[in-house]
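In what follows, a structure is listed as structure tokens, so that the remarks can point back to it.
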Amino acid sequence: MTAIDPTAHLTAEQIEELGRELDAIRDEVIAGRGEKDAAYIRKVISAQRKLELVSRGVLLFSLFPPAWVIGTAGLSVAKIMDNMEIGHNILHGQWDWMRDPKIHSTTWEWDHVSPAAQWKHSHNELHHTYTNVLGKDNDLGYGIMRVDEDQRWHPVHLGQPLWNFVNACFFEYGIAAYDLELGKNLSKQRRKDPEFRARARAVGRKIRKQVLKDYVVHPLLSGPSFLPTLAATFTANVVRNIWSHSVIMCGHFPEGVQVFERRSIEGETRGQWYLRQMMGSANISGSRAMHFMTGNLSHQIEHHLFPDLPSNRYAEVAVRVRALFEKYELEYVSGPLPKQVFSAWRKVFRLSLPNRRTGAAGTPDREPERELVAA
């Protein structure tokens with residue numbers, strides 16, 4: 001939320017016209033999907049599987065330092081590819097149009113402790129519907145951070161830089177926890193809810209499967225290299241977690257990205273929904289390799305506008321979307337990865353502290369003339 005609405009200059013008619021222009025872009029890309037796109041995702045899946053297989057093979061000899069370094073690096077990249085460009089995007093339904101049962105959002109399972117079905121609910125249905133809406137979007141601060149100056153400050157927020165770092169290191173477990181909505185389900189009564197218990201058991205089974213694969217079977221196959229392989233797999237998981245956490249933070253948390261009140265989405269039209277995605281997301285600029293390693297979530301604005309379009313199309317779509325930002329005089333928040341990471345972490349630290357002027361209850365003493373705008 002911001003004291004000045006960056007979209008206040010737009011009329012209702014302009015907002016709906018913007019929506020129609022974005023619909024036209026989406027329709028054009030959908031009509032143009034074809035064999036070239038299908039070949040792309042199949043090539044990526046094949047490359048990821050080969051890289052993981054070779055890397056795990058090298059780690060069988062990880063008792064030797066060069067093998068450990070090469071194997072760990074390769075496994076880290078393979079895990080990032082699995083989660084970002086492959087898993088995340090397949091589970092969004094970006095490739096369902098191919099009608100390939102092996103590459104479909106209803107059948108795909110990924111290298112992650114959160115079961116695909118639960119992630120699709122919390123991410124696709126909730127996060128993408130209620131992007132950056134306080135109290136509705138669990139991705140916004142992951143339920144452990146203060147994300148806006150107008151949220152009540154509490155001394156516990158002083159620790160949010162530490163919580164955020166720990167969450168980054170073990171991000172897949174943090175995702176599983178908020179997919180379960182543990183914050184509201186830990187009460188004794190809610191823990192007995194059959195639906196919650198079923199979902200918790202599903203997460204437990206997925207965690208056991210991941211632990212067995214990464215920390216038991218693969219290290220045991222390494223024989224004398226058991227401990228180095230164990231350390232290598234743990235390192236690869238942490239690298240993947242920190243990378244994916246950083247990419248996602250850069251997409252919704254840097255300075256310039258808007259946060260919205262619940263009342264702002266009441267009666268929201270399609271044009272207004274598009275506008276909220278535009279103002280509630282940020283991009284990362286960089287090379288083609290960097291875009292690939294982010295799962296093309298470096299094009300976070302375009303992804304939130306069109307979450308079901310093939311990820312390999314976001315770069316071409318971004319040119320047209322940016323032109324619309326300029327046409328409607330809106331800020332296209334984008335920058336290199338280091339800049340966006342610094343901006344997001346600076347915000348984490350800033351919001352861990354009370355506002356400059358606070359009342360007895362720890363909430364801001366707002367000036368009488370200031371009005372919050374629900375963007």
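The values are calculated or read from the model by the stated rules, or taken from the named source; none is laboratory data. All values derive from a computational prediction rather than experimental measurement. Heads up, the Cβs are rebuilt from the backbone with ideal geometry, glycines too, and the neighbour counts pull from every protein chain shown. What goes into the accessible areas is simple: the full protein's heavy atoms, side chains included, and nothing from ligands, DNA or RNA. Shrake-Rupley method; radii C 1.70, N 1.55, O 1.52, S 1.80 Å.
Looking at segment 120-144, which of the residues that are acidic (Asp, Glu) and crowded, with 20+ Cβ neighbours inside 10 Å is modelled with the highest pLDDT?
137
Name the residues in segment 313-355 that are of a type in the set (Ser, Thr, Tyr), over 16 Å from residue 160 (Cα atoms) and in contact with a helix residue (DSSP H, G or I) (Cβ under 7 Å, 6 or more places away or on another chain), would you?
Let us first name the residues in segment 313-355 that are of a type in the set (Ser, Thr, Tyr), namely 314, 328, 332, 334, 343, 352.
Next, only the ones that are over 16 Å from residue 160 (Cα atoms) stay: 314, 328, 332, 334.
Those that are of a type in the set (Ser, Thr, Tyr), over 16 Å from residue 160 (Cα atoms) and in contact with a helix residue (DSSP H, G or I) (Cβ under 7 Å, 6 or more places away or on another chain): 314, 328, 332.
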Flag for residue 263 being in contact (Cβ under 8 Å) with a residue 60 or more places away in the chain, open to solvent by 10 Å² or more (accessible area, probe 1.4 Å) and part of a helix (DSSP H, G or I): yes
Of all residues making up segment 266-289, the number that are more than 15 Å from residue 324 (Cα to Cα), touching a helix residue (DSSP H, G or I) at 6+ places or on another chain (Cβ under 9 Å) and open to solvent by 30 Å² or more (accessible area, probe 1.4 Å): 7
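Results for (1) closer than 30 Å to residue 278 by Cβ; (2) open to solvent by 60 Å² or more (accessible area, probe 1.4 Å), shown as yes or no for each residue.
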residue: 4; (1), (2): yes, yes
residue: 8; (1), (2): yes, yes
residue: 11; (1), (2): yes, yes
residue: 19; (1), (2): yes, no
residue: 44; (1), (2): yes, no
residue: 47; (1), (2): no, no
residue: 55; (1), (2): no, no
Index of the failed condition, residue 240 passing every other in (1) open to solvent by less than 30 Å² (accessible area, probe 1.4 Å); (2) without any contact (Cβ under 8 Å) to a residue 40 or more places away in the chain; (3) of a type in the set (Lys, Arg): (2)
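Considering each of 37, 82 in turn, give the residue that is open to solvent by 10 Å² or more (accessible area, probe 1.4 Å), modelled with pLDDT of 95 or more, more than 18 Å from residue 221 (Cα to Cα) and touching a helix residue (DSSP H, G or I) at 6+ places or on another chain (Cβ under 7 Å). Break it down into steps so the answer makes sense when it comes.
Working: 37 fails: open to solvent by 10 Å² or more (accessible area, probe 1.4 Å).
After applying the criteria, what remains is 82.
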Residue within segment 193-212 that is among the hydrophobic types (A, V, I, L, M, F, W, C) and open to solvent by 60 Å² or more (accessible area, probe 1.4 Å) present: yes
